[in-house]
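A quick write-up on the structure given underneath.
Throughout, read-outs are computed from the coordinates displayed, never taken from laboratory work. Since we're looking at a predicted model, the values are computed, not measured. Every residue, glycine as well, gets a Cβ built from its backbone with ideal geometry; the counts of neighbours run over all protein chains shown.
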């Protein structure tokens, strides 16, 4: 993959940046654990992409197992650590809706469209979506992004599906490939 000036990166959070909990939500800072190499990867990717955004479904807020204040605390910590490691985030978009059919919830393109409405310079044809679920890939495809699947569980053995342009085991492996 060749990334040129002006490209935008969209990152899923759980399973890409931090460890995803099995059948649970990261509700508090003590449950947030970085994926191996994620901070270094974000620092590298920040130099290659003009803009870097997180797009994450956070249904735990909508169903009441965590508060927006809990989510903000996690995101503030994450942002601080990313900056301290030489990286940057240009924004975090999240869907806290309990309704699984919400237009803002991935795989629907609501968060991408919101980012573009707030940052009209985003060109989806020059954007990359990195995630660890098929819904992340469908989200990216729905607006014409290049898709990168992170096989954080190692279950696919690098076997891509149609919705995946590229597949890597970690965000760091993806960053190193560029």
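Going by neighbour counts of Cβ atoms within 10 Å, the residues 142, 67, 117 line up, fewest first, as 117, 67, 142.
Residues 129, 1, 104, ranked from the fewest to the most other C-beta atoms within 10 Å, line up as 1, 104, 129. Each stretch of four or more DSSP H residues adds -39500 (n - 2.57); spread over every residue of the chain, this sum gives -9000 deg cm²/dmol at 222 nm.
Taking all Cα pairs closer than 8 Å and separated by 6 or more residues, the relative contact order of the chain comes to 26 percent.
Footprinting exposure proxy ranking of 158, 13, fewest other C-beta atoms within 10 angstrom first, gives 158, 13. In terms of overall dimensions, the chain has a Cα radius of gyration and Dmax of 14.9, 42 angstrom. Net length available on complete extension from residue 68 to residue 173 is 34.6 nm, with 0.36 nm assigned per residue and the Cα-Cα distance removed.
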